[in-house]
């Protein structure tokens, strides 16, 4: 699989843009990220979403590999609509649109992006489905050096 496509999956984990209202509840969440086309791929992760991270989780995808901006960013009334552009570190512009829905304990977003694959522009559809699985986050796992001292 092409590395840029894998990086786009990671885009759905966090993103910087304010939501119009606190829409999801903080807590322990499980997210399933999928590339639906052209090549199917799925990854699942569990993460703690603090009150300070709710807006980042709700808004449009972004990560350390892409800087994204969403001139259209509407998060209201249980619906999400995004349209913008992500730019890679090498300057490649990737148009992205997304639609979805949310409740206090669920989040669904489907996005369409255009990536370069073997020199061709390829339309990719990706989705994130997330659900809140606990009110509180588990304690962090001990670090390897702490384990070695025991």
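No value in this document is a laboratory result; all are computed from the given coordinates. Note that the structure is a prediction, hence the values are computed from the model and not measured. Heads up, the Cβs are rebuilt from the backbone with ideal geometry, glycines too, and the neighbour counts pull from every protein chain shown.
What distance in nm separates the simple spin-label points at residue 123 and residue 108, each placed 7 Å from Cα in the Cβ direction?
About 2.1 nm, to one decimal.
Between the stretch 28-94 and the stretch 99-145, what's the alpha-carbon centroid distance in Å?
Centre-to-centre (Cα) distance: 6 Å.
Please list 102-115, 39-52, 119-132 highest first by mean number of surrounding beta-carbon atoms within 10 Å per residue.
Highest mean packing first, the order is 102-115, 119-132, 39-52.
Taking 0.36 nm per residue of separation and subtracting the Cα-Cα distance, what length does fully extending residue 42 through residue 143 add? Intermediate results must be reported in sequence, preceding the final value.
Numbers: separation 101, 0.36 × 101 = 36.36 nm, distance 2.78 nm.
Gain on extension, residue 42 to residue 143, equals 33.6 nm.
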